[in-house]
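No lab work stands behind these numbers, since they all come straight from the coordinates. No experiment lies behind these values; they were computed from the predicted model shown. All Cβ positions, glycine included, derive from the backbone under ideal geometry; neighbour counts span all protein chains shown.
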Amino acid sequence: MSVIDNFKTDCTVMTLTMFPDGEGGYTPTWTAGPVIKIALVLDNSTEAKIAMKNGVTSIYKLTFDKSLGIKYNDYIKRISDGQIFRVTSIPDEKQTPARMAVQFMRASAERTVLPK
């Protein structure tokens, strides 16, 4: 067990499905995937504070196992409080080398709501 595991919380990746509405359009429906563990930490860096001052919502850093397959623009729901986070960076760009015993990725995310 790595130290990062102490900071992980239960989350789920939300998936958008479009169902026909019977009138030629579609109704969007968000469904939750399986429960996964992700470390979500509020980003208090100077850059994040400047972005928040300029109107960006709260910025978080996500740390998670490579095997989860989280990617840019995924929506993550924290189960404990229902908060939604949108991944705003490409996780493949920040990952541990293949030779490392602990395999994880990092990404930035913003607190948001699910689009309709």
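What the table below lists for this structure:
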quantity: Of 49/116; 8/77; 8/49, those spanning more than 21 Å from alpha-carbon to alpha-carbon; calculated: 49/116; 8/49
quantity: Modelled FRET efficiency - R0 25 Å, residue 27 with residue 83, Cβ distances, 0.05 increments; calculated: 0.55
quantity: Shape call, the range 14-65: gyration tensor on alpha carbons, a/c limit 1.5; calculated: oblate
quantity: Estimated dipole of the range 3-112 in Debye, rounded to 20 [Cβ of Lys and Arg +1, of Asp and Glu -1, Cα centre]; calculated: 420 debye
quantity: Set of aspartates and glutamates with alpha-carbon distance to residue 53 below 20 Å, sequence-local pairs under 8 removed; calculated: 43, 110
quantity: Dipole-positive endmost among 25, 6, 80 within the chain (Cβ charges, Cα centre); calculated: 6
quantity: Computed [θ] at 222 nm, helices only, for the chain once each DSSP H run of length n ≥ 4 contributes -39500 (n - 2.57); calculated: -2000 deg cm²/dmol
quantity: Reachable aspartates and glutamates, given that their alpha-carbon falls under 17 Å from the alpha-carbon of residue 37 and they are not under 8 places away in the same chain; calculated: 5, 10, 65, 74, 81
quantity: log10 of Debye I(q)/I(0), alpha-carbon scatterers only, for the chain at 0.16 Å⁻¹; calculated: -0.79
quantity: Within the range 10-100, trypsin sites (Lys or Arg not before Pro) in DSSP loop having at most 13 other beta-carbon neighbours inside 10 Å; calculated: 71, 99
